[in-house]
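**Q** Structure in structure tokens, see below.
Every number here is computed from the coordinates shown, using simple stated rules; none is lab data. If you're wondering where the values come from, they're calculated on a predicted model, not measured in any experiment. Positions of Cβ are generated from backbone atoms using ideal geometry, with glycine treated the same way; all protein chains shown enter the neighbour counts.
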């Protein structure tokens, strides 16, 4: 029974991985076209990733959890954007 699940999941997993990779390559290419704008956007995003939110709470653990939540949100948003961009070049719609 595990083999049936693996056969269904693997092709879909590979397709999604390819879409994310293709989207990341395309986004990198787009960033190279306008390096100044890309650098400003990257610096802004990095600043947001290391800024502790005011409502994070007291204590180091609460602040670390708030920063980790921002990192997870940024990472998942980037993955989603890359996947959607990569799907434009494949038949995964």
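**Q** Quick check, is residue 66 assigned to a helix (DSSP H, G or I) and within 27 Å of residue 25 (Cα to Cα)?
**A** For residue 66, the condition - assigned to a helix (DSSP H, G or I) and within 27 Å of residue 25 (Cα to Cα) - is not met.
**Q** Output the number of residues of region 66-93 satisfying the condition of being more than 29 Å from residue 17 (Cβ to Cβ) and free of Cβ contacts under 8 Å to residues at least 12 places away in the same chain.
**A** So the count comes out to 0.
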